[in-house]
Every structure is written in structure tokens, then in C-alpha cells.
1. Can you check how the C-alpha radius of gyration of segment 211-260 compares to 2.2 N^0.38 Å, as a plain ratio?
2. Please figure out what share of the DSSP beta bridges in the chain is antiparallel and state it in percent, rounded to the nearest 5.
3. Nearest 10 degrees is fine. How inclined is helix 94-104 to the longest principal axis of the chain, computing both from alpha carbons?
4. Which of the listed residues, 210, 239, 227, is farthest toward the dipole's positive end in segment 203-305, when Lys, Arg count +1 and Asp, Glu count -1 at the beta-carbon?
5. Taking the C-alpha atoms of segment 110-239, how large are the radius of gyration and the largest Cα-Cα span, Dmax, in Å?
6. Below 8 Å, C-alpha to C-alpha, sequence gap of six or more: please give me the relative contact order for segment 207-305 in percent.
7. For segment 233-305 and segment 138-207, what is the separation of their C-alpha centers, rounded to whole Å?
8. Tell me the Rg and the Dmax, in Å, that the Cα atoms of segment 1-78 produce.
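The values are calculated or read from the model by the stated rules, or taken from the named source; none is laboratory data. As the structure is a computational prediction, the values presented were derived from the model and not from experiment. Note that we place each Cβ from the backbone using ideal geometry, even for glycine, and neighbour counts take in every protein chain shown. We work out accessible area using only protein heavy atoms, side chains counted, and drop any ligands, DNA or RNA first. Shrake-Rupley method; radii C 1.70, N 1.55, O 1.52, S 1.80 Å.
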Amino acid sequence: MSGGGSQQATLAALAANVGVAVTKFVAFFFTGSSSMLAEGIHSVADSGNQGLLLLGRTRSARGPSPAHPFGYGGERYFYAFLVSVMLFFGGGLFALYEGYEKITHPHPLKSWPWAVGVLAGAIVMEGLSLRTAVRNAGRVRRGRSWARYIREAKAPELPVVLLEDAAALIGLVFALTGVTLALLTGNTVFDGLGSVAIGLLLIVVAITLARETKSMIIGEAAAPEIQRTLEDILRDDPSIDDFTQLRTLHLGPENLLVAARVTMAGRPEADAVAEALSRTEQRIRERVPISTAVYLQPDSSGAGR
């Protein structure tokens with residue numbers, strides 16, 4: 001995944017969310033709309049989430065240390081998981097509570113043009129942010145469906161921004177619908193229902209993000225096409241007769257651990273084995289640049305795959 005593309009999308013989302021949050025709180029001050037308050041908190045949570053993603057990228061760039069010999073690439077997954085937690089508690093549960101309060105203790109909307117105008121402007125800003133994320137994700141999606149891309153992506157930033165921006169747009173539609181129905185019917189319960197709908201939407205998105213980032217924190221293998229490339233390299237190597245136990249593990253989005261047990265062709269001396277495996281490891285790094293840790297172990301047993 002393009003690191004620059006994901007950072008550009010994250011920065012665009014951060015700028016949009018900060019601007020939208022300010023306008024939503026201004027609208028809430030004038031209207032007292034529950035949906036507007038829920039959406040304002042949603043935008044604050046999203047702004048914090050973009051900050052967490054940028055912090056994770058920065059911290060993951062540190063080199064290996066004695067305590068972390070494979071580097072800090074996994075920090076990007078940790079901070080992405082924190083995003084899902086913030087979205088669940090800071091956005092979803094708060095919106096549900098606010099909607100419940102508005103339904104059980106309704107009060108009339110004030111200065112409704114503020115609400116409608118701000119929501120319309122927010123839809124435009126969030127739409128521009130989503131367009132940036134979609135454009136950057138399209139460069140690396142490679143024809144996959146959006147659901148499959150989000151499920152298989154190893155770098156968390158773009159999938160997180162895509163889901164957040166899509167949820168923000170849908171949430172704005174919920175808020176606008178709730179406010180509009182409250183104005184047309186005079187029943188402010190619709191405003192509370194809009195807030196409840198926003199809360200349920202954010203909880204679904206948060207659970208989706210938590211599930212995907214948990215998988216990466218636990219440890220995922222390389223994508224199937226990378227696995228096939230590694231197999232081809234080992235299979236086509238004239239110094240290797242066979243290989244087994246090929247294992248890959250993402251230490252970070254751009255950090256891949258590769259390990260395999262190989263049977264050398266013929267019966268070369270120890271020095272020749274070391275030189276041959278060194279050349280093979282170099283070929284692996286050239287064809288799969290994210291292979292930052294490669295370990296090939298000679299198998300003297302001659303066991304086949």
C-alpha cells in the first residue's frame with residue numbers, strides 16, 4: 001500500500017473532521033438538536049482517530065532495538081485498534097445515550113436553518129474527504145471489491161479512513177433526515193431517532209474495524225500473490241532441491257518475516273550452502289521488498305514438501 005497515499009487521505013480526513021466538528025457544535029448551540037450534538041461528538045472522535053493513525057505511522061517508523069529486534073511496525077495496528085475503541089465508546093454509545101435522552105425528554109428545535117445549513121455543508125466536506133480516500137485506495141485495490149480490499153489490506157490507515165468517512169456521510173444523512181422529519185411533523189422524537197441511528201451505525205463500524213485490526217495484531221500471513229512469488233523464487237532456485245514449512249508473518253504493513261526449511265541440491269560444503277542461501281535471500285528481498293527478515297534453514301533430512 002502506498003504510504004504517501006494513506007497519509008494524504010488521513011490528513012484530508014483530519015482537516016475535514018476538525019472543520020465539520022466546529023460547525024456542528026455551533027449548529028447545536030443555536031438549535032439544541034440531539035442529532036447535531038451526536039454528529040459533533042462523532043466528528044471530534046474522528047479527528048482524534050486521525051491523530052492516532054498519524055501517531056501510529058510516526059512511531060512505527062522507528063528502527064529495531066534490543067527490546068524490539070523486528071522493529072515497531074505493529075504499532076500501526078495497535079493505534080488502529082484504539083481508533084475502533086474510541087469510535088465505539090466516544091461515538092456510538094454517546095450517540096445512543098443522547099438519542100435516548102431526546103426521545104424520553106423531547107424539546108423543540110431552535111433556529112432550524114442552522115442545522116440544515118451545517119449538515120448540508122458537512123456532507124460536502126465529508127464527501128470531498130471520502131473522494132480523496134477512494135482515489136488513493138483505488139491505486140492499490142487492484143480490482144478487488146471494497147469489502148475484500150478492507151478485509152485484506154495490511155496497512156490500516158486507508159481502510160479506517162474509508163469506513164469512517166462512509167459512516168460520517170451516512171450519519172449526516174441520518175441526522176438531516178431526523179431534523180427534517182422533526183421540523184415537518186413537529187415531533188422532536190425523530191431527532192432523537194436520528195441520533196440513535198447514528199449510534200448504531202458507529203457501533204457497527206467500530207466492531208468491523210476492531211475485528212480486522214485484531215487479526216493483524218494477532219499476526220497475518222502475506223497475501224496469496226506474495227506467497228506464490230516466494231514459492232516461485234524457491235522453486236526456480238538451482239541451488240535448492242526442495243523446500244518445506246514456508247511461513248510468512250506481517251510484522252507491520254511494510255515489514256514481512258519470511259522463513260522456510262530448504263533442501264539443498266547435491267551435497268554442498270557448509271561455505272557453499274551459506275553463500276547460496278545468501279543469494280536466495282537477496283533475490284527474495286529484491287522481488288518482495290517488504291521482506292525485511294528472511295530466514296532459510298538448510299534441511300539435511302531431505303524431506304520433501
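1. Ratio of Rg to 2.2 N^0.38 Å for segment 211-260: 1.30.
2. Once the DSSP bridges in the chain are tallied, antiparallel ones form about 55 percent.
3. Rounded to the nearest ten degrees, it is 20.
4. Value computed over the given set: 210.
5. For segment 110-239, the Cα-based Rg and Dmax read 20.9, 80 Å.
6. It comes to 29 percent, rounded to a whole number.
7. Here the answer is 45 Å between Cα centres.
8. Considering segment 1-78 through its Cα atoms, Rg and Dmax are 17.0, 56 Å.
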